[in-house]
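The values are calculated or read from the model by the stated rules, or taken from the named source; none is laboratory data. Just so it is clear, the structure is predicted and the values come from calculations on it, not from any experiment. Neighbour counts are summed over all protein chains in view; Cβ atoms, including those assigned to glycine, are modelled from backbone coordinates with ideal geometry. To get the accessible areas, we keep the full protein, side chains included, count just its heavy atoms, and leave off ligands, DNA and RNA. Shrake-Rupley method; radii C 1.70, N 1.55, O 1.52, S 1.80 Å.
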Amino acid sequence: MEIVGWLSVLIGAGLLTWSSRIVNLANAGRQVPYWTKPDESPRRSIWMRVLGVFFLLVGVFMFTATLGYWSVAVVLAGFAPGTALIALHNRRLATPA
């Protein structure tokens, strides 16, 4: 059962990362905010984000008994790649060519 949980976490993290990539591409030339809605937010990126959070949380709940409080670290790690993509996107815009 733990394998299914980890697979769900990977699918969720992948969907969240893909959603960030779509938002970054839709906002080419503009900063993407971390905590508010960006200027352009395609509908498919929103659905991917919802599904990503769902898969991530379902996967974490499957092995919460095994990991205990460390499951919070797994949730944060699932959001890390998408957040890093936003940071790289914003840094490219801030850096003069």
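Annotations for the structure displayed:
- Relative contact order, whole percent, for the stretch 7-54 stands at 54, derived from Cα pairs under 8 Å and 6 or more residues apart.
- Cα-based helix-to-principal-axis angle, 43-62 vs the chain, degrees rounded to 10: 30 degrees
- Angle of helix 71-94 to the longest C-alpha principal axis of the chain, folded into 0 to 90 degrees and rounded to 10: 10°.
- 1.4 Å probe accessible area per residue over the chain, in Å²: 68 Å²
- Shown in residue order for the stretch 25-33 are the 3J(HN,Hα) couplings computed by the Karplus curve 6.51 cos²θ - 1.76 cosθ + 1.60 at θ = phi - 60°: 5, 6, 10, 4, x, 10, 5, 9, x Hz (x for Gly and Pro).
- In nm, spacing of pseudo-spin labels at V72 and L88 (7 Å Cα→C-beta vector): 2.9 nm
- Ranking F54, S20, L93 by how far each Cα lies toward the positive end of the dipole of the chain (charges on Cβ) leaves L93 at the top.
- Report note on the peptides 45-58, 12-25, 75-88: ranked by the mean count of other C-beta atoms within 10 Å, highest first, their order is 12-25, 45-58, 75-88.
- R0 of 25 Å, Cβ-Cβ distance T36-T95: FRET efficiency to nearest 0.05: 0.65
- With every protein chain in place, the stretch 13-97: carbon and sulfur % of accessible area (1.4 Å): 69 percent
- Intensity falloff of the chain expressed as log10 I(q)/I(0), Debye formula with alpha-carbon point scatterers, at q = 0.11, 0.18 Å⁻¹: -0.36, -0.78
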